[in-house]
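What follows is a set of notes on a single structure, which appears directly below.
What follows is calculated from the coordinates using simple rules that are stated; it is not laboratory data. Note that the coordinates shown come from a computational prediction; the quantities given were computed from them, not determined experimentally. Cβ atoms come from the backbone with ideal geometry, glycine included; neighbour counts cover every protein chain shown.
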Amino acid sequence: MAVAGAWISNRFGLLFPAVCLLMVLMLADYVSGMIAAKKEALEHPDSKKYGWSSKKGALGIFKKTGYIFTVFVAVCIDYLIYKFAQELGLKYESQTYFGLLVTIWFVINEFISILENAGRMGAELPELLKKTLSELKKDINGTGKDKK
């Protein structure tokens with residue numbers, strides 16, 4: 001899905017909108033995670049396992065910052081490939097393939113995380129969506145059945 005999204009986005013020059021979408025989704029994921037943690041803390045008042053903490057919040061911010069740096073590096077790789085192709089006289093029309101691929105990958109990951117947070121908050125997700133999310137998460141985390 002990420003490759004298809006990157007290819008389509010590249011055709012229409014959508015790197016900037018894709019990065020903006022990623023930023024909005026990262027904020028929505030962070031806020032939905034805090035709300036879900038607060039709900040879980042209310043449901044389990046005697047357990048320190050549930051609830052929001054500054055440590056969890058800081059780790060979330062570090063993770064999102066890592067996303068931003070990863071997209072930045074991918075865009076830099078795109079630029080290097082584009083410039084080297086020009087220097088070698090090769091025709092390379094795509095300027096943002098890896099940047100888009102990484103951005104779309106993170107966008108999909110953020111969608112999954114937001115839906116998981118909604119489920120933690122008590123939103124009833126359709127069974128088909130739950131199964132699909134479970135399979136996507138296994139594939140993204142590399143814990144699928146065919147992993148060796």
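The simple spin-label model puts a point 7 Å past each Cα toward its Cβ; for LYS83 and HIS44 those points are separated by 5.0 nm. Classify segment 20-60: rounded, prolate or oblate, from the alpha-carbon gyration tensor (a ≥ b ≥ c, eigenvalue square roots; a/c under 1.5 rounded; otherwise prolate if a/b is larger than b/c)? It is oblate, given that a/c is not under 1.5 and a/b is not larger than b/c. Largest first and in whole Å, the equivalent-ellipsoid semi-axes of segment 54-141 read 35, 17, 8, each the square root of five times a Cα gyration tensor eigenvalue. Using only the Cα atoms of segment 52-94, build the gyration tensor, take square roots of its eigenvalues as a ≥ b ≥ c, and label the shape rounded, prolate or oblate: rounded if a/c is under 1.5, else prolate if a/b is larger than b/c, else oblate. It comes out prolate by the Cα gyration axes. Sorted into 10 angstrom bins from 0, the C-alpha pair distances of segment 70-119 split as 27, 35, 21, 12, 5, 0 percent.
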